[in-house]
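The block underneath contains the structure these notes are about, expressed in structure tokens.
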There are 2 protein chains.
Amino acid sequence: MTDHKKFEEITTSSEMIFKGKMISLQVDQVTLPNGGTASREIVKHPGAVAVIPLLGDRMIVVEQYRKPLEKSQVEIPAGKLDSGEEPLKAALRELEEETGYRTDNIRLVSSFYTSPGFANEIIHMYIAEDLVKGTANPDEDEFLDCEAITLEQAQQYMNDGRISDAKTIMAIYAWRLYLLTGQI
Amino acid sequence: MTDHKKFEEITTSSEMIFKGKMISLQVDQVTLPNGGTASREIVKHPGAVAVIPLLGDRMIVVEQYRKPLEKSQVEIPAGKLDSGEEPLKAALRELEEETGYRTDNIRLVSSFYTSPGFANEIIHMYIAEDLVKGTANPDEDEFLDCEAITLEQAQQYMNDGRISDAKTIMAIYAWRLYLLTGQI
């Protein structure tokens, strides 16, 4: 049996520092496996979805401003889970809101934690094919451009630093594997 | 020319909420492209390195407890940049501290932001080959096990949820691409 609690750190106290719109922050005091103590800074996040939308030999991406980086970035469509929302439903919602496309052909590629050292954010990443035109409808404080890029363009965007986030680089690797092997 | 400021959000005020050992948190008030306003919750992080250490047909991984997830996880070796530290030097340091291996054959695969919606954390991910035995020497509040796994095991660990963080899944995709094509 797999021991998911190996080297467990036991919480002795927990202080909530901040509760925001998107994230909250807590600091836990823990007892380490050797009996020592440490503090752990933990960002809590509601979880998110991302979609690799394939349209023929292209992938649909969106460009938006990322305040934490102080620059705009080209990324696959993604967004936070609404409270209680099922990830697949959220993926279809974000796909249509951000790109205007719908599909019935969507499946989970992977669910992954983005920064397990300090955050519990998980992203459920789907691949969507057989896209059909719906209606783009971004959130009111969301400003973005949508573009369908080839694999060559994707690699150029990575070289230029226009694509530089983990989920989108992972999506490009997954897309290459899918083209090479038929599976991810 | 590429416009890295498309849809720029102009900061009107910025409040530092918390300064910790690993991260700090600030909340910025911004003016949006349409003249509206919003607040942005931003986690600041010093940046990190990660290494894909290949040893024959195996990749070296480490298992450790991740307090934000309340479980242990198998990941590629990684760690924060020390203040002013050059990423390549940090990668070689973390590789030896966590796995006990050194190498002269190491190169950058990709630098990526883990969570551009709320954090500025960047990870510089390297691939290391031609490993030779040095001395493992984890930090004193770091408890970990080291293991060399095949690609098949890596995929099994993903299925079991023992591997479920972005950088390690990205590393496995990169490894598969490297085996298939000789490049990443």
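Descriptive notes on the structure:
- Principal-axis tilt of helix B:166-181 within chain B, Cα atoms, nearest 10 degrees: 50
- Choice from B:Asn159, B:Asn120, B:Asn34 with maximal GNM fluctuation in chain B (Cα, 10 Å cutoff): B:Asn34
- q = 0.11, 0.17, 0.18 Å⁻¹: log10 I(q)/I(0) that the Debye formula gives for chain B, counting C-alpha atoms only: -0.57, -1.10, -1.19
- Each helix, a run of at least 4 DSSP H residues, gives -39500 (n - 2.57); summed and divided by the residues of the protein assembly as shown, these come to -6500 deg cm²/dmol at 222 nm.
- The range A:57-136 - Rg (one decimal) and Dmax (whole number), Cα, Å: 13.5, 40
- For the protein assembly as shown, the alpha carbon convex hull comes to 148 Å³ per residue, rounded to a whole number.
- Calculated label separations, B:Asn159, copies of the chain, 7 Å along the beta-carbon direction, nm: 3.8
- Site pair A:Ser39 and B:Leu55 shows an inter-label distance of 3.7 nm when each label is modelled 7 Å from Cα along Cα→Cβ.
- Using a 7 Å Cα-to-Cβ projection, A:Asn137 label spacings across copies, nm, ascending: 6.0
- Each semi-axis of the equivalent ellipsoid for the range A:98-150 is √(5λ) with λ an eigenvalue of the Cα gyration tensor; in descending order they amount to 25, 17, 10 Å.
- Once the Cβ-Cβ distance of A:Arg102 and A:Leu180 is raised to the sixth power relative to R0 = 30 Å, the FRET efficiency obtained is 0.60.
- Taking Cβ atoms as reference points and 10 Å as the exclusive limit, the residues near A:Glu97 contribute a net charge of -4, counting Lys and Arg as +1 and Asp and Glu as -1.
- Label sites at A:Glu142 and B:Ile10, each approximated as a point 7 angstrom past Cα along Cα to Cβ, lie 2.5 nm apart.
- Cβ-vector label at 7 Å, A:Leu180, separations to other copies in nm: 0.5
- Peptide B:10-22 has a mean shielding of 2, counted as Cβ atoms of other protein chains within 10 Å of each residue's Cβ.
- DSSP assigns beta bridges within the protein assembly as shown; of those with both partners inside it, close to 85 percent run antiparallel.
- Taking every DSSP bridge with both residues inside the range B:50-181, close to 85 percent are antiparallel.
- A Förster radius of 41 Å combined with the Cβ-Cβ distance from A:Ile17 to B:Glu152 puts the calculated FRET efficiency at roughly 0.45.
- Among the listed pairs A:Lys89/B:Lys19; A:Lys67/B:Lys19; A:Lys167/B:Lys44; A:Lys133/B:Lys167; A:Lys67/B:Lys71, those beyond 28 Å (Cα-Cα): A:Lys89/B:Lys19; A:Lys133/B:Lys167; A:Lys67/B:Lys71
- Take each peptide in A:147-156, A:7-16, count the other Cβ atoms within 10 Å of every residue, and average; sorted highest first, the result is A:147-156, A:7-16.
Computed from the coordinates by the stated procedures, all read-outs in this text should not be read as laboratory data. All values reported here derive from a predicted model rather than from experimental measurement. Glycine gets a Cβ as well: all are built from the backbone with ideal geometry, and neighbour counts include every protein chain shown.
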